[in-house]
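J.: Got a structure here, written out as structure tokens. Questions coming.
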Amino acid sequence: MDDIRLGVIGLGSRSDLVELAHRPGSGSLVAAACDRDPQMLVAAEERFGAGVRTSPDHHELLDAELDGVFILSPDHTHERIGLDFLAAGVPVFLDKPMAITTEGCDRLLAAAREHRTPLYVGHNMRHMPVVVAMRELIAGGAVGEVKAVWCRHFVGNGGDWYFKDWHADRRNTTGLLLQKGAHDLDVIHWLTGGYTRRVNAMGALTVYGGITSRRDRRGERMTEWLSMENWPPLSQTGLHPVVDVEDLSMMQMQLDNGVFASYQQCHYTPDTWRNYTVIGTEGRLENFGDTEGAEVRVWNRRSEYRAEADVVVRVHTPPGTHGGADPMLVEEFLGFVRKGGATVTSPVAAREAVAAGYAATMSLRDGGRAIDVDPVDPGVAAYFADGQI
């Protein structure tokens with residue numbers, strides 16, 4: 001098997017994904033790398049070998065005879081870079097969120113269809129064993145017909161993860177309800193089999209906006225400042241010079257299949273985890289944890305409060321980051337590049353997650369008014385439903 005030649009745009013913390021795909025002589029290798037930081041380009045040669053082609057400008061790699069490219073750069077650059085590689089006919093792995101506006105996502109979908117270039121979006125949570133276990137239980141009728149989903153997301157390291165670099169500036173993300181929430185919104189859609197069509201939301205910058213210690217961290221990486229000792233939240237120092245994204249958000253959704261859902265996100269909790277509650281006509285299920293040791297518990301008998309569930313599914317987590325999901329994500333993309341066809345992830349679903357998060361952010365910043373979310377163009381949706389053929 002000849003190695004497929006891969007490129008990577010953005011050599012920050014998410015570029016560990018590409019290391020999973022760099023297997024010279026075993027099917028795939030990183031042949032080109034792009035980053036604006038010269039030090040990262042020097043490090044690329046150490047990571048991927050002296051033969052890797054490097055450039056600070058992604059345009060110089062459009063003609064590098066790549067079989068696929070990982071776009072792992074900051075969110076606001078996804079659309080522009082993605083459009084360039086799609087037009088060049090290079091299959092694209094686009095990290096989530098695929099863009100920071102609904103319109104940007106629609107332009108990417110339209111370009112992939114126009115140029116007949118394969119497009120893949122890295123929603124790795126569809127490969128997380130605990131999410132797969134919940135989906136299988138729901139499909140098997142464990143809670144009957146789903147009527148409601150609630151998701152609580154505690155982002156205990158939020159100050160370090162999102163308020164000390166480019167994420168804190170809404171020009172780069174729109175907001176964390178979209179940026180961070182895109183994962184959970186996609187999971188809600190996947191578990192319920194529907195897409196959000198109406199939202200409203202409330203929230204604010206409730207803690208980090210009061211911290212006056214600011215610092216320009218260009219040239220630094222998140223791993224350099226991340227520390228469990230940065231607690232409590234108001235003791236944080238060295239936040240990004242611009243902090244105008246919300247650190248507390250709550251949204252409500254009405255899906256096209258009649259399901260109602262809610263999503264809550266907080267960036268200054270002492271712990272980090274996410275909990276889904278799915279309620280149906282015959283029961284309720286919840287996940288407890290999402291990495292090794294996680295369980296999915298189901299209650300489907302009448303009772304007063306009881307901690308003991310009627311069904312407990314213990315979830316094994318294979319090795320790898322994000323609960324073992326990242327290695328499976330990379331494998332799926334490599335197979336997609338080689339053979340095409342259907343994938344667990346979905347570019348249309350990725351757009352729908354952004355569309356829900358974008359509309360919710362607009363609602364939050366406009367007094368919580370309800371906003372309708374338009375569906376994807378039917379012709380575009382049909383193209384992706386047919387496996388991008």
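J.: For segment 121-204, report the % of Cα-Cα distances exceeding 15 Å. Mind showing how you got there, number by number?
T.: Numbers: 2341 of 3486 pairs.
Distances greater than 15 Å cover 67 percent of the Cα pairs.
J.: Counting pairs on different chains as well as pairs 8 or more places apart, how many Lys pairs in the chain have Cα atoms under 23 Å apart?
T.: On the way: 96/164; 96/180; 96/339; 164/180.
So the count of such lysine pairs works out to 4.
J.: I would also like to ask the following. For the Cα atoms of the chain, what angle does the longest principal axis make with the long axis of helix 129-139, in degrees from 0 to 90, nearest 10?
T.: So the helix axis and the longest Cα principal axis differ by about 50 degrees.
J.: Further question: Write down Rg/Rh for segment 164-229, rounded to two decimals, with Rg from the C-alpha atoms and Rh from the Kirkwood relation over Cα pairs. Could the numbers behind the result be given before it?
T.: Values: Rg = 15.8 Å, Rh = 14.9 Å.
Rounded to two decimals, Rg/Rh equals 1.06.
J.: Which of rounded, prolate, oblate describes segment 240-389, given a ≥ b ≥ c as roots of the alpha-carbon gyration tensor eigenvalues and a/c under 1.5 marking rounded, otherwise prolate only if a/b is larger than b/c?
T.: Numbers: a/c = 1.41, a/b = 1.11, b/c = 1.27.
Rounded is the answer for segment 240-389, as its axis ratio a/c remains below 1.5.
J.: For the chain, what number results from the quotient of the Cα radius of gyration and 2.2 N^0.38 Å? All intermediate terms of the calculation are to be shown ahead of the outcome.
T.: Numbers: Rg = 20.8 Å, N = 389, 2.2 N^0.38 = 21.2 Å.
Normalised Cα radius of gyration, the chain: 0.98.
J.: Got a sec? What order do 328, 98 fall in by accessible area at 1.4 Å, biggest, i.e. largest, first? Before the final figure, lay out the partial values.
T.: Working: 328 75, 98 0 Å².
Per-residue accessible area, sorted high to low, gives 328, 98.
J.: Quick one: helix 38-48 against the long Cα principal axis of the chain, what's the angle to the nearest 10°, folded into 0 to 90?
T.: 90 degrees
J.: Report, in whole Å, the centroid distance computed from the Cα atoms of segment 315-389 and segment 160-193.
T.: Here the two parts' Cα centres lie 13 Å apart.
J.: How charged is the neighbourhood of residue 27? Take every other residue with its Cβ under 15 Å from the Cβ of residue 27, and add Lys/Arg as +1 and Asp/Glu as -1.
T.: Numbers: positive: 5, 23, 338, 339; negative: 2, 3, 19, 67, 331, 332.
Neighbour charge sum, excluding residue 27 itself: -2.
J.: Something else: Rolling a 1.4 angstrom probe over the protein chains, ignoring ligands and nucleic acids, what is the accessible area of residue 268 in square angstrom, nearest 10?
T.: Here the accessible area works out near 60 Å².
J.: Quick one: give the max-minus-min coordinate of the C-alpha atoms of segment 247-336 along each principal axis, largest first, in Å.
T.: 47, 35, 31
J.: What is the local net charge at residue 190, summed over the other residues whose Cβ is closer than 9 Å to its Cβ (Lys, Arg +1; Asp, Glu -1)? If you can, show how the numbers build up before the last one.
T.: Details: positive: 126, 135; negative: 186.
Net charge in that neighbourhood comes out at +1.
J.: Over the alpha-carbon set of segment 65-212, work out the extent along each principal axis and list the three values in angstrom, largest first.
T.: Principal extents (largest minus smallest coordinate, Cα): 51, 48, 28 Å.
J.: Find the centroid of the Cα atoms in segment 62-87 and in segment 226-251, then give the distance between the two in whole Å.
T.: Comparing the Cα centres of segment 62-87 and segment 226-251, I get a distance of 30 Å.
J.: Okay, moving on. By how many nm would the segment from residue 344 to residue 103 lengthen if fully extended, with 0.36 nm per residue of separation less the alpha-carbon distance? Walk me through the numbers before you get to the answer.
T.: Values: separation 241, 0.36 × 241 = 86.76 nm, distance 2.36 nm.
This chain segment gains 84.4 nm when fully extended.
J.: Considering only protein heavy atoms, what per residue accessible area in square angstrom results for segment 318-389 with a 1.4 angstrom probe? Mind showing how you got there, number by number?
T.: Working: 2970 Å² over 72 residues.
Per-residue value: 41 Å².
J.: Classify segment 38-138: rounded, prolate or oblate, from the alpha-carbon gyration tensor (a ≥ b ≥ c, eigenvalue square roots; a/c under 1.5 rounded; otherwise prolate if a/b is larger than b/c)?
T.: Values: a/c = 2.08, a/b = 1.36, b/c = 1.53.
Taking the square roots of the gyration eigenvalues as a ≥ b ≥ c, segment 38-138 is oblate.
J.: Efficiency by 1/(1 + (r/R0)^6): what FRET value for residue 306 and residue 220, r their Cβ-Cβ distance, R0 = 45 Å, to the nearest 0.05? Before the final figure, lay out the partial values.
T.: Numbers: r = 49 Å, r/R0 = 1.09.
Once rounded, the FRET efficiency stands at 0.35.
J.: In the chain, carbon and sulfur make up what percent of the accessible area (probe 1.4 Å)?
T.: So the carbon and sulfur contribution to the accessible surface is 52 percent.
J.: With runs of 4+ DSSP H residues as the only contributors, calculate the mean residue ellipticity of the chain at 222 nm using -39,500 (n - 2.57) per run, divided by the residue total and rounded to the nearest 500. Numbers along the way, then the final one.
T.: Details: 13 runs with 122 residues, N = 389.
Computed mean residue ellipticity for the chain: -9000 deg cm²/dmol.
J.: Here's something else I'd like to know. Once fully extended, how much extra length lies between residue 145 and residue 3, figured as 0.36 nm per residue of separation less the alpha-carbon to alpha-carbon distance?
T.: Working: separation 142, 0.36 × 142 = 51.12 nm, distance 4.59 nm.
Residue separation times 0.36 nm, minus the Cα-Cα distance, leaves 46.5 nm.
The values are calculated or read from the model by the stated rules, or taken from the named source; none is laboratory data. Fair warning: this is a prediction, and the values are worked out from it, not measured in the lab. Glycine also receives a Cβ, built like all others from the backbone with ideal geometry; neighbour counts cover every protein chain displayed. The protein model used for the area step is the full one, side chains on, heavy atoms only, and it has no ligands, DNA or RNA in it. Shrake-Rupley method; radii C 1.70, N 1.55, O 1.52, S 1.80 Å.
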